[in-house]
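First comes the structure, then the notes that go with it.
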There are 2 protein chains.
Amino acid sequence: MKQLVRVQNFMLSSDGYGAGEGQSLDRPFGDADGPALFSWAGATAHWPNRTDPGGTYGLDDYCTRDYRNNIGAEIMGRNKFGPQRGPWENYDWQGWWGDEPPFRTPVFVLTHHPRPSFTLGATTFHFLDASPKEALARAFDAADGMDVRIGGGIETVRQFLDADLIDTMHVAVASVEFGRGERLWVSADELLDRFHLERIPSPSGVVHHFFWRR
Amino acid sequence: MKQLVRVQNFMLSSDGYGAGEGQSLDRPFGDADGPALFSWAGATAHWPNRTDPGGTYGLDDYCTRDYRNNIGAEIMGRNKFGPQRGPWENYDWQGWWGDEPPFRTPVFVLTHHPRPSFTLGATTFHFLDASPKEALARAFDAADGMDVRIGGGIETVRQFLDADLIDTMHVAVASVEFGRGERLWVSADELLDRFHLERIPSPSGVVHHFFWRR
């Protein structure tokens, strides 16, 4: 099967924002209400960060359990990797995710300030100063025939959408307005010229948006 | 993670029937309208029997793409394996699925008339005259730590429900009435004492029913 480029479990406010302003180490979502975006996922049985048994097995869980399904690599922006901007002062920062990051594949971090690759648990991080298309070629190679996830943040998803490189996209829209911050869209309808779209309301309150290429 | 017993992509009419009467080699659904039950699945990108590219990637596809996800064995009834009843006249019949059955795991066929195991493609069929509980112990062993799918038909799913051995169940209910045949339920509400239930309507017209243990 053809290797796909997929966005999964990407979380937005009802007005299209993925994070607020003023992101920092203590506040990865800036001044926005992060839990309002991701509590639906945390309630599911297959949430990658779940440590206790239990959780739901309904619609939302189909989304979280698909997280690693046939994914061979991820591409993320530096703003997802960490709160630092500009040249690295040192290489102490190894991401938000502790000793066993949930990716468990090669991860390519797009940055104008590359640094040496490193491995943490089952995940190896590589740093690329590259265009979306160039990064994707590297990720396809590393994915061993499987699909590539575009992990975010907003700016990175936008770049890949602008380059028309995304095949399928799942966005979970929460019933909360942020009003400002980093925005993916004013309305999901902006993408209807290139994508099919199903909007599926979940009992948890989010509306799952499933896009695939026309 | 605990091994689960799962029913997946099980298809019913709106009045709870999975097949009509008079099943035969030519008519695996008997006098009932089979395509009305499974056309939603055939339209998806990940339908296991799909041979051409294309297909949808929306809600219905999350169900079909989950088909092999963490499944290590299947248990099915003899009525799913084939149209014959009673003692085998010979062992020529090897199932409906051609040279490469979609299971790709060990499959345990419940029957009062065991026959020798055989392998077809990546699937090995075993034949057991056993209770649901005994069969499940064998399937858990064979599943190598992964989950076990209860593949049907109706009678087999009922037996496992009656023995309270099912952890999660996905049933796709089509908007067609059969009026007679093999019936799983009069109403899905019959299971609410033991299961959580989410009913999620799909744009394709089926209503996905997601059950998990209380």
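The values are calculated or read from the model by the stated rules, or taken from the named source; none is laboratory data. Being a predicted model, the structure only gives us computed values, none of them experimental. Here Cβ is always computed from backbone atoms with ideal geometry, including for glycine, and neighbour counts include all displayed protein chains. The accessibility values were calculated without ligands, DNA or RNA, using every heavy atom of the protein model including side chains. Shrake-Rupley method; radii C 1.70, N 1.55, O 1.52, S 1.80 Å.
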- [ ] Scan A:T124, A:T156, A:T119 and give me the residue that is farther than 13 Å from A:I75 by Cβ and either crowded, with 16+ Cβ neighbours inside 10 Å or among the aliphatic types (A, V, I, L, M) (or both).
- [x] A:T124
- [ ] List every residue pair whose Cβ atoms lie under 6 Å apart, where the two residues are 6 or more positions apart in sequence or sit on different chains, the first residue falls within segment B:188-214 and is within 13 Å of B:I166 (Cβ to Cβ) and within 9 Å of another protein chain (Cβ to nearest Cβ), and the second residue, located anywhere, is acidic (D, E) and open to solvent by less than 40 Å² (accessible area, probe 1.4 Å).
- [x] B:F210/B:E198; B:R213/B:D167
Task: So A:D99, is it open to solvent by 40 Å² or more (accessible area, probe 1.4 Å), in contact (Cβ under 8 Å) with a residue 60 or more places away in the chain and in a loop (DSSP other than H, G, I, E, B) - done: no
Task: Matching residues, segment A:102-141, being in contact (Cβ under 8 Å) with a residue 12 or more places away in the chain and acidic (D, E) - done: A:D129
Task: Options B:V176, B:V109; residue that is β-branched (V, I, T) and farther than 23 Å from B:G72 by Cβ - done: B:V176
Task: Total residues in segment A:185-199, condition out of contact with any Phe, Trp or Tyr (no Cβ under 7 Å at 6 or more places or on another chain) and not aromatic (F, W, Y) - done: 9
Open item on the list: Go through (1) more than 14 Å from chain A (Cβ to nearest Cβ); (2) under 14 Å from B:G151 (Cα atoms); (3) in a loop (DSSP other than H, G, I, E, B) for B:W88 and report which single condition fails.
Closed with: (2)
TODO: Mind listing whichever residues of segment A:1-19 are open to solvent by less than 50 Å² (accessible area, probe 1.4 Å) and farther than 23 Å from A:N70 by Cβ?
DONE: A:L12, A:S13, A:D15, A:G16, A:Y17, A:G18, A:A19
- [ ] Could you tell me whether any residue of segment A:20-28 is modelled with pLDDT under 95, touching an Asp or Glu at 6+ places or on another chain (Cβ under 8 Å) and open to solvent by less than 20 Å² (accessible area, probe 1.4 Å)?
- [x] yes
TODO: Among residues belonging to segment A:159-183 that are in a helix (DSSP H, G or I) and open to solvent by 50 Å² or more (accessible area, probe 1.4 Å), point out the one that is nearest to A:P132 (Cα to Cα).
DONE: A:Q159
Task: segment B:49-64: number of residues that are assigned to a loop (DSSP other than H, G, I, E, B), at the interface with another protein chain (Cβ under 8 Å from one of its Cβ atoms) and either of a type in the set (K, R) or open to solvent by 30 Å² or more (accessible area, probe 1.4 Å) (or both) - done: 2
- [ ] Just need a number here: residues in segment B:1-48 that are in a loop (DSSP other than H, G, I, E, B) and more than 14 Å from every other protein chain (Cβ to nearest Cβ).
- [x] 18
Open item on the list: Test of understanding: among A:E177, A:E182, A:E190, which residue is out of contact with any strand residue (DSSP E or B) (no Cβ under 8 Å at 6 or more places or on another chain) and at pLDDT below 95?
Closed with: A:E177
- [ ] Would you mind telling me which numbered condition in (1) without any contact (Cβ under 8 Å) to a residue 40 or more places away in the chain; (2) aromatic (F, W, Y); (3) closer than 15 Å to B:G18 by Cβ B:F178 fails?
- [x] (1)
